[in-house]
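What follows is a set of notes on a single structure, which appears directly below.
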Amino acid sequence: MKKELTRQQYLDLYYFMRLNRAVEDTMVKLFRQNKIVGGLYSSLGQEAVSVGTAYALEKKDWLAPMIRNIGALLVKGVPPRDVFMQHMAKYGSPTKGKDGTSHFGDLEKLHIVSPISMLGDLIPVMTGVAMAGRYLGQKIVTMTWIGDGGSSTGVFHEGLNFAATQKAPFVLILENNLWAYSTPVKRQVPLENLADRAKAYGISSYIVDGNDVVEVYTTTREAVARARAGEGPILIEAKTFRRLGHAQHDPAEYVPKEMRAYWEARDPITLYEKFLISEKLLDAKSKKEVEEKIDTLLAAEREFAENSPMPPPEFAETGVYCTGDECHKIRPQWERPIAEVTPPKSSVKAVWTVEGFGSGKSSGGVNAPIHFGDTKNSLEIPEAEAAKKNGSKASSKPPAKKPEKTAVTSGASRKARR
Amino acid sequence: MAETNGTQITFLEAIKQAMFEEMERDPAVVLLGEDVGVYGGAFKTSEGLLERFGWERVIDTPISESAIIGAACGMSYMGLRPIAELQFIDFIVCAFNQITNFVAKGHYLWNAPAPMVMRGPSGGGVHGGPFHSANPEMYFVHTPGLKVIYPSTPYDAKGLLKAAVRDNNPVLFFEHKFLYRRIKGEVPAGDYTVPIGKAVVRREGRHLTIVSYAAMMHTSLEAAEALAKEGIEAEVIDLRTLLPLDEETILQSVKKTNRCLVVHEDTKTGGIAGEIAAILCEKAFGDLDGPLMRVTALDTPVPYSPPLEEYFLPNAKKVFDAAKELARY
């Protein structure tokens, strides 16, 4: 477990894992009090993945969480009250009650893109964020997570392949927790290591012990640096285990008892505490201090969240569209000279160069034949040709009153056969 | 309507000019899609853009519609204004989830505007067969958060595409491929936009209102000419934008003519005609002298063989007959 981290880094990782677990423990209490409106999804036992990966990002970088990445949101700077209010469907929540769970984002300050429930969609989206960041000269890296289950969606493949062809500065964390709802990974993917999927896209990958937060962090840090340096997207498979059911309603009795016992003995926080104590980075006193700090924080955050009102019903009708500058001023943040992406500097020779074979020609200009569009209805050709021969303008029948000039050339209107 | 000292250009040229001018005006505008770069697009709508704006702004993608739409959405979150081309609009449904669940809901749910345009060639009449002739606009008109444009003239195509690029919302822009090189129209020399969400009266009349859009607008005008010879003056409305729908222009016209015929190339069930019928029932029931009538494509896939496709599609004769029947009320 030991790597060369600063004392502060070691302790940050500990704090955020403890905070991650405590936030979710609090939500279990709220759930049992019927204060959570919808489902509650747990990342118990997976905290090292959320925390260790997100901790490798810089402030300017972008992330998009999945449902079990509350820890990543906390590391990125989301206050626990926002997580509580989201789950409680409060007006004070980031989505003001319009969506729940980890489904919220922040484009302006924290650089978080909201997930949706359909898995895999974030992969091309974060590829696009990465491409735009590179285009604007921002030197950012983007990150999202996908599960063992989500790695079988079509958009996972479309997105990762596109990211690879674009060499996008993008890191994908494949959080293999061995279960997709009730179906074990072996029934979904015939691979021992899901990281092998990376080979299909010609990109680099890593496999890490997802319950070892130091390994998760140091590996992700390396991957982020490589992506930032222009090596293209990188896939990290974190092997871990979903300790609870798909959500609170699911007792997960389909999981063998022995399997659960094995992973419970490998709790990422317990393992890390042992390491910190052996390295003299943590003792009973400092551990208690962390616990008290978190307890105090969460008591206040929970109180704030519980006191937030529910949204007014008519709020449901608002905000479908952005109404313009007064709603959102959309301005890209350029960190490179615009002259690099505008003519004359941007101009290129538009041909493909194939190694060993030279280049092709550029295509035929405005008069090039087009797919289907030139097809003339056989019934219309004689008349069109006749019109040409007579030198008359095409047989358009201009309407009696025409607020706008539109000439209909021959064959434009389907003929009325009367 | 802007006064012009412009020239007559094709519908296709209008699309091309709009993209060129928007990319020239704003370096945040980028184009991505299949074969849009070196090849200049399957329909040559992006011819010359790569030469001028370079590899970073004109991006040839793999055949991955969900990735194209998803990446465009991510770019828009960074303040860019991407134009995502669907090589044929039929393929837009490959990205259906990405558009309807991700792109469309972002502003409502988490206050994330996605200023992006999704555009491509649509429509039948060119014997493209069941997978290259579709009019899938209503799947998206049923999705709050999107705007849906379907123009019929070069002037509108150019002005609306420019407006779409500058809009802060995700806009679907349908280009009827039958019109690409068959329609010419005048456009002004300088910069202009056409407002999204505004229909236009193409022909004034007092006996009935024909509501249409895209290629069928021209068919409706042709039918209106034939009707005029029989003393029936049809008013023809070109919707131009389907979402948001310009109810006001429709209601104003129908309150004058008291009869409404909707003509669209989309299939009948679930087409925009049904929505217009509902609006008229709600807001102009007392003004109607007859039933709302529809001339639409058949409720079938678009067939390939010319006699089948011609039977499938509306035409001026069908519009003429329906209008005559409606005028009798």
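Only Lys, Arg, Asp and Glu carry charge here, each on its Cβ (+1 for the first two, -1 for the last two); on that basis the range B:200-327 has a dipole of about 200 debye about its Cα centre. Note on chain A: with charges restricted to the Cβ of Lys and Arg (+1) and Asp and Glu (-1), its dipole about the Cα centre is near 1940 debye.
When the Cα gyration tensor is reduced to axis lengths a ≥ b ≥ c, the ratio a/c stays below 1.5 for the range B:176-273, which is therefore classed as rounded. If the segment from residue B:7 to residue B:278 were pulled out straight at 0.36 nm per residue, it would be longer than the present Cα-Cα gap by 93.5 nm. With contacts taken as Cα pairs under 8 Å and at least 6 residues apart, the range B:9-187 reaches a relative contact order of 27 percent. Taking other C-beta atoms within 10 angstrom as a stand-in for reagent exposure, A:175, B:204, A:47, A:231 fall in the order A:231, B:204, A:175, A:47, fewest first. Ignoring lysines fewer than eight residues from residue B:184 along the same chain, the ones with Cα atoms less than 17 angstrom from its Cα are A:376, A:388, A:393, A:397, A:402, A:405, B:16, B:44, B:158. Remark: B:220, A:362, A:102 ranked as A:362, A:102, B:220, counting other beta-carbon atoms within 10 Å and listing the fewest first. Sorting A:159-167, B:104-112, B:319-327 by average packing, meaning the other beta carbons within 10 Å per residue, from highest down gives A:159-167, B:104-112, B:319-327.
Using a Gaussian network model of chain B in which every pair of alpha carbons under 10 angstrom is joined by a spring, one finds that among B:224, B:72, B:277 the greatest mean-square fluctuation is at B:277. Each Lys and Arg contributes +1 and each Asp and Glu -1, all at the Cβ; summed about the Cα centre of the protein assembly as shown, the dipole is approximately 800 debye. Pairs exceeding a 28 Å alpha-carbon distance, out of A:257/A:288; B:255/B:317; B:147/B:317: A:257/A:288; B:147/B:317. Note on the range A:40-92: Kirkwood hydrodynamic radius from all Cα pairs is 11.7 Å, rounded to one decimal.
For chain B, a Gaussian network of Cα nodes joined below 10 Å ranks B:214, B:234, B:67 by mean-square fluctuation, and the top entry is B:67. A dipole drawn for the range B:200-327 from +1 and -1 charges on Cβ atoms has a positive end, and of B:218, B:307, B:326 the residue lying farthest that way is B:326.
If R₀ is 22 angstrom, what is the calculated FRET efficiency for the pair residue A:178 and residue A:37, using the beta carbon separation as r and rounding to 0.05? Kindly include the intermediate steps, with their values, before the conclusion.
Values: r = 29 Å, r/R0 = 1.32.
That pair, residue A:178 with residue A:37, gives E of 0.15.
Which one, A:171, A:225, A:213, projects farthest toward the positive side of the charge dipole computed for the range A:7-317 from Cβ point charges (K/R +1, D/E -1)? Final value for the positive-end residue is A:225. Sequentially through the range B:270-277, phi angles give Karplus couplings (6.51, -1.76, 1.60; θ = phi - 60°) of x, x, 5, 4, x, 5, 5, 4 Hz, Gly and Pro residues having no value and appearing as x. Only one residue of B:232, B:292, B:251 has its Cα farthest out toward the positive end of the dipole of the range B:200-327, where Lys and Arg carry +1 and Asp and Glu -1 on Cβ, and that residue is B:232. Computing Rg and the Kirkwood Rh from the Cα coordinates of the protein assembly as shown gives a ratio, Rg/Rh, of 1.04.
Counting beta carbons within 10 Å around each of B:137, B:21 and listing the fewest first gives the order B:21, B:137. For residue B:135, which sequence-distant residues (separation of 5 or more, or a different chain) have an amide H within less than 5 Å of its own amide H, given hydrogens modelled in the peptide plane? Close amide H contacts, sequence-distant or interchain: B:123. Here's the list of aspartates and glutamates a cross-link from residue A:285 could span, going by alpha-carbon distance under 18 Å and ignoring same-chain residues fewer than 8 apart: A:12, A:273, A:295. Averaged over the residues of peptide A:116-126, the number of Cβ atoms from other protein chains lying within 10 Å of each residue's Cβ is 6. Using Cα springs under 10 Å in a Gaussian network model of chain B, which residue among B:263, B:254, B:126 shows the largest mean-square fluctuation? Of B:263, B:254, B:126, the Gaussian network model singles out B:126 as fluctuating most. Only helices enter this figure: runs of n ≥ 4 DSSP H residues, each worth -39500 (n - 2.57), summed and divided by the residues of chain A, yield -11000 deg cm²/dmol at 222 nm to the nearest 500.
Could you estimate the translational diffusion coefficient of chain A from the Stokes-Einstein equation, with Rh from the Kirkwood formula over C-alpha pairs, at 20 °C and 1.002 mPa s, in whole µm²/s? Show your work: numbers first, answer last.
Working: Rh = 25.1 Å.
Rounded to a whole number, D works out at 85 µm²/s.
Ordered by packing density, taken as the mean number of other Cβ atoms within 10 Å over each peptide's residues, highest first, how do A:92-99, A:336-343, A:232-239 rank? Intermediate values should be presented prior to the final figure.
Values: A:92-99: 21.8, A:336-343: 14.2, A:232-239: 25.8.
Per-residue mean Cβ counts within 10 Å order the peptides as A:232-239, A:92-99, A:336-343.
Greater than 32 Å separation of Cα atoms is the criterion. Which listed pairs, B:105/B:177; A:96/A:329; A:139/B:198; A:60/A:96, meet it? Beyond 32 Å between Cα atoms: A:139/B:198.
Readers should treat all values here as calculations from the given coordinates under stated rules, not as data from a laboratory. It should be emphasised that the depicted structure is a prediction, and the values quoted were computed from it without experimental measurement. FYI the Cβ positions are ideal-geometry reconstructions off the backbone, even for glycines, and counts take in every protein chain you see.
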